Amino acid sequence: MQNLVAIVGRPNVGKSTLFNRLTQTRQAIVTEVSGTTRDRQYGKVSWNGQEFSLVDTGGWVVNSDDVMEDEINKQVRIAIDEADVILFVVDVMNGRTDLDAGVAQMLRRSGKPVVVVANKSDNFDIGHQAAEFYSFGLGDPYSVSAINGSGTGDLLDHIITLFTRDNEEEILEDIPRFAVVGRPNAGKSSIINALIGEERSIVTDIAGTTRDSIYMRYNKFGMDFYLIDTAGIRKKGKVTEDLEYFSVIRSIRVIENADVCILMLDATRGIESQDLNIFSLIQKNRKGLVVFVNKWDTVEEKNNVVIKTFENAIRQRLAPFTDFPIIFGSALTKQRILKVMDVAKEVYTNRKRKVST
Ligand code: GDP
Ligand code: GDP
């Protein structure tokens, strides 16, 4: 399982600049038709042969200049819930603020590995001022300049010493791992319940997996498979999902550990930015994909023209990646939910064939 590192900090301290520096994706900020910058907040970093995932928890907030303390606290909480290591970015030019102190307190209590990053240490003299951040009680601050790159090598050296997860992929026999993903209310729990139902509570955890293993193994529909149960993960977390992008952050682990993702879209809402963000996670991790357009029971006119229009719209939004099946159905009426499993298995088999050749 890959380690996940989260960047937190108040607005304007340089979180997104640091994110770009560490992932070196400045050029990857694609401005699409929709105007979303969906690649800005999640990426992969490779350092000394170790790959890890990096997420900027502040990166999803529009108008980040006006975010309130409350919102920053939520970001910190989701980072504490989800990440293995937290980078707490502060600004040496500004010095420490009350907001910083509040974040520091939450982080201290969390017991999570935290690195204080004293950003904007553009030169040696100003880097010295980082000493004032010792008082957070979170260990040695790392002086870096996200803009010119200085100090980032030492920072990365240190980050990878804090990892507890084995980078190796868990060997889970030759059985597909499926994940149902999508934004809140898309119908994830409904389809899992419709597919697995009562059995959910009696399946056994598999032995020999990492401490917070999220796989459940099933034998149904004529196949053996693992299902990565997002509902279980959600229960574990403390943060409510009042901010939709939290569900995106929550999906990271799920997607990273799946072979094939079943992306639930809500037919009554079309594709929104959360959907694109989740799609982007799937695509960045090069996972198999099946799109399930759920709540199809609510669409009154369901002829081929309507389906084709829907399908084209989806492929257009997800372009240039168009090579995935789309299924229209309903978790409520169970329409085509078995088909999803069949198709997901096909995607799995095709991917494996491609990998082995
Ligand atoms: P965020 O709101 O925390 O994501 O902050 P940004 O990454 O958007 O940066 C806020 C401002 O600080 C921008 O104008 C950046 O150019 C600037 N900035 C970021 N890192 C550095 C740095 O290392 N040195 C200096 N001098 N400015 C920086
Ligand atoms: P989750 O947040 O993605 O797990 O979504 P839920 O499974 O909790 O579903 C959210 C809401 O959508 C609930 O009120 C469900 O009853 C409803 N819902 C889920 N699937 C369908 C469907 O296929 N058709 C209709 N009409 N409603 C659905």
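Brief remarks follow.
- Of all beta bridges that DSSP places with both ends in region 248-346, some 10 percent have antiparallel geometry.
- In terms of accessible area, using a 1.4 Å probe and ignoring ligands and nucleic acids, Trp47, Trp296 rank largest first as Trp47, Trp296.
- For region 252-357, the extents of the C-alpha atoms along the principal axes are 43, 28, 24 Å, listed from largest to smallest.
- If the segment from Ser46 to Arg109 were pulled out straight at 0.36 nm per residue, it would be longer than the present Cα-Cα gap by 19.7 nm.
- Taking all protein chains together, Lys339, Lys302 sort by accessible area into Lys339, Lys302, largest first [probe 1.4 Å].
- Local charge for Phe310 was computed over the other residues whose Cβ lies under 15 Å away, with Lys and Arg +1 and Asp and Glu -1, and equals 0.
- Computed accessible area, Ser251, all protein chains, 1.4 angstrom probe, square angstrom: 10
The values are calculated or read from the model by the stated rules, or taken from the named source; none is laboratory data. Just so you know, these numbers come straight off a predicted model, no measurement behind them. Every residue, glycine among them, receives a Cβ derived from its backbone with ideal geometry; neighbour counts consider all protein chains shown. Accessible surface is based on the protein model in full, side chains and every heavy atom, while ligands, DNA and RNA are left aside. Shrake-Rupley method; radii C 1.70, N 1.55, O 1.52, S 1.80 Å.
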